[in-house]
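Each reported figure results from applying straightforward, stated rules to the coordinates on display, with no laboratory input. None of the values given here were measured: they were computed from a predicted structure. Glycine gets a Cβ as well: all are built from the backbone with ideal geometry, and neighbour counts include every protein chain shown.
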Amino acid sequence: MVKQATSKSRKKPAEPVLVEPERKPLRRRLLRWAWRGVVGIFGFYALLVVLFSFFNPPVNIYQLQESIRLGGLQREWADWDQIAPVMARSAVAAEDANFCLHWGFDMAAIRQAVAEGGTRGASTLSQQVTKNVFLWQGRSWLRKAMEAVLTPAVELLWSKQRILEVYLNVAEFDEGVFGVQAAARHYFGVEARDLTALQAARLAAVLPDPKRRSASKPTDFVRSRTRAIISGAETIAADGRAARFEG
């Protein structure tokens, strides 16, 4: 007798269920990319701060704008040993008497500016270098915020001498005239290393407003400012502050 085999019913294997990955909310993704962008930007600037502590910075944003507007610039780099020491002392006396004492921000000058209702500037040489080399001109909260972050980094990684060297090479001394070497030739027909105390003070006197002040045709105000700068530069040399950047 042949027994018929009873076939047991076999269940079909369950088909795998594809679970779509949970998508992150759009807002979270945007915030993540924005954060990455911020980190990338400041990483880029941090790299530039390190590089420019060794290498001379190229043309900056403002110089490019002026070059396009004027059709060219007078500009030539002068290394520290090619600049008369009195020029550095005059710049400090004119623009930032506490340059050797602060870490990038002159808090006493800031408090005084606030007390006077913002009628006077409190920007240090370090802040001006940061703005001129890495950022752009004009008043905006974004630029001020970036300047506030980058200035301490410049102070940390650059020596006081390096800050002054870069400052004197990127500062505008007349319309389209950038750097102390070009300014010395433009106004007095001499090299930056040969500037006298009077000539250096005259150049420093035009720094806050180079488009309306002249070192070769000084107004009474510029002459008065020049005398004050000469006195200030002598004081800086006598009280030892100059040793912070001349040595």
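Structural remarks
- Relative contact order %, the chain, counting alpha carbon pairs below 8 Å whose residues are six or more apart: 24 percent
- Once divided by 2.2 N^0.38 Å, the Cα radius of gyration of region 136-194 becomes 1.41.
- Estimated from the Cβ-Cβ distance and a Förster radius of 51 angstrom, the FRET efficiency linking D81 and R29 is about 0.45.
- Stokes-Einstein diffusion for the chain, with the hydrodynamic radius set to the Kirkwood value over Cα pairs and evaluated at 25 °C in a medium of 0.890 mPa s, equals 117 µm²/s.
- For region 170-247: span of alpha carbons on each principal axis (Å, largest first): 34, 26, 19
- Total formal charge among the other residues, if their Cβ is under 12 angstrom from that of S231, Lys/Arg +1 and Asp/Glu -1: +2
- Under a 5 Å amide H cut-off, with hydrogens placed 1.01 Å from N, D106 pairs with T124 among residues at least 5 apart or on other chains.
- Once both labels are positioned 7 Å from their Cα atoms along Cα-to-Cβ, the gap between A148 and F44 label points is 2.2 nm.
- Backbone HN-Hα couplings from phi across region 204-215 [Karplus 6.51/-1.76/1.60, Hz, Gly and Pro as x]: 5, 5, 8, 4, x, 8, x, 7, 10, 10, 10, 7
- Computed FRET value (nearest 0.05) for E175 with M107, which takes r as the C-beta separation and R₀ as 25 Å: 0.15
- Angle in degrees between helix 125-134 and the longest Cα principal axis of the chain, rounded to the nearest 10: 50 degrees
- Exposure proxy shown here: for L48, L156, the number of other Cβ atoms within 10 Å sets the order, fewest to most, as L156, L48.
- Normalised contact order of region 31-160, rounded percent, pairs of Cα under 8 Å and 6 or more residues apart: 31 percent
- Each of the peptides 181-188, 25-32 was scored by the mean count of other Cβ atoms within 10 Å over its residues; in descending order, highest first, they stand as 181-188, 25-32.
- Charge context of E246, other residues only, Cβ under 15 angstrom, K/R +1, D/E -1: +1
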